[in-house]
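A.B. asks: My questions all concern the structure below.
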Amino acid sequence: MYQISVQTRARTELVDITSQIAGVVSEAGIGDALCNVFVPHTTAGVTINENADPSVVHDILKVVDSVIPFHDPGYRHSEGNSAAHIKSSILGCSLNVIVEGGSLKLGTWQGIFFAEFDGPRSRKVWVSFSALV
Amino acid sequence: MYQISVQTRARTELVDITSQIAGVVSEAGIGDALCNVFVPHTTAGVTINENADPSVVHDILKVVDSVIPFHDPGYRHSEGNSAAHIKSSILGCSLNVIVEGGSLKLGTWQGIFFAEFDGPRSRKVWVSFSALV
Amino acid sequence: MYQISVQTRARTELVDITSQIAGVVSEAGIGDALCNVFVPHTTAGVTINENADPSVVHDILKVVDSVIPFHDPGYRHSEGNSAAHIKSSILGCSLNVIVEGGSLKLGTWQGIFFAEFDGPRSRKVWVSFSALV
């Protein structure tokens with residue numbers, strides 16, 4: 001298992017970690033495998049989306065923040081970050097990407113994003129590789 | 001493939017199955033692997049979130065139940081559980097967790113939850129393990 | 001890695017690709033493995049849900065399309081498909097299914113769906129297999 005660090009800078013933010021994950025693939029000397037990206041936090045997640053036009057990330061956060069309210073009189077969790085927990089479950093904290101010939105195999109417009117929902121914070125991402133058949 | 005059983009007790013409920021999954025890891029004698037947790041139902045899911053403060057689970061269900069309405073005049077599915085199907089797709093029915101040295105490797109606050117959206121029912125969860133490289 | 005093609009026919013649509021994935025399992029001669037299904041697009045996703053009653057798919061799309069608005073004055077992405085990007089992140093583009101004895105192991109009511117959110121288009125799905133332990 002490999003670990004990368006992510007420093008987030010806002011309350012909610014999508015941080016492009018594609019090149020960091022690619023760096024792990026490289027360091028680990030992986031040829032062909034299935035790469036698992038896992039976020040060990042309960043107020044953050046991981047997602048794949050477009051990393052060409054930054055307005056896509058803006059719009060994702062805008063809608064997610066508007067559908068899942070930061071404040072709600074019915075929230076019981078006393079830390080004030082219930083919305084972050086909910087968003088974490090909705091986006092998920094685990095996904096897989098194929099590695100082929102030593103490179104992450106992503107679609108043309110795809111990047112891997114760390115999804116911060118309760119920042120800014122210092123975060124970790126765990127990366128592991130499964131053997132293909 | 002291994003199977004665990006979950007008895008849910010409410011219409012919507014997050015049931016902490018972390019220790020049951022850890023039990024499978026143990027029984028199966030797994031050292032290092034990637035554990036896949038799969039829910040073979042279409043009105044339930046699986047998610048990872050905080051299992052320390054039960055108010056987190058309360059708040060997740062509260063918002064999910066409020067964003068995805070139980071009743072909607074536009075629903076066509078005649079069984080009356082359309083909301084459960086929708087929530088299942090949003091949370092997902094498949095996720096991966098690293099196993100290292102015979103233990104599930106989760107973040108400090110993370111637990112694995114069976115997400116019931118059309119209970120109470122008797123449910124199954126399937127667990128399998130991929131070889132790491 | 002294997003690839004299948006999907007021709008979508010509507011703006012938003014869930015296309016049942018279970019038999020196409022089963023065809024890949026068959027062609028590849030896979031016995032027991034973990035099958036990864038990956039969508040290399042940023043305005044589409046993959047999900048598992050009921051494929052017996054088509055009204056389930058109708059209701060999923062209805063609610064998703066209503067919670068994530070097609071038009072919003074706050075959207076910045078100029079291509080007009082921000083909603084599709086958001087839905088892609090919410091459903092996800094990567095999931096795993098067990099293969100046992102040469103067959104996809106799904107629950108009784110489960111099918112695998114390609115989730116089109118910005119169609120109609122010609123799409124691809126990537127399929128790979130991890131070795132079980």
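Each reported figure results from applying straightforward, stated rules to the coordinates on display, with no laboratory input. Because the structure is predicted, anything quoted here is derived from the model rather than measured. Methodologically, a virtual Cβ is constructed for each residue, glycine included, from the backbone with ideal geometry; neighbour enumeration extends over all protein chains shown.
A.B. asks: Tell me, which helices (runs of 4 or more DSSP H) wholly within segment A:1-99 include 2 or more residues that are facing chain B (nearest Cβ under 8 Å)?
C.D. replies: Correct list: A:82-91.
A.B. asks: Next up: From the list A:S66, A:S103, A:S94, A:S82, pick out the single residue that is over 18 Å from the mean Cα position of the chain (by Cα) and surrounded by 21 or more Cβ atoms within 10 Å (Cβ to Cβ).
C.D. replies: After ruling out the rest, the residue left standing is A:S82.
A.B. asks: Ok, one more. So which of A:R121, A:R76 ends up being of a type outside the set (S, T, Y), out of contact with any Cys (no Cβ under 7 Å at 6 or more places or on another chain) and in contact (Cβ under 8 Å) with a residue 12 or more places away in the chain?
C.D. replies: One residue alone meets the criteria, A:R121.
A.B. asks: Of all residues in segment B:100-114, which are among the polar types (S, T, N, Q) and not in a loop (DSSP other than H, G, I, E, B)?
C.D. replies: Matches in segment B:100-114: B:S103, B:Q110.
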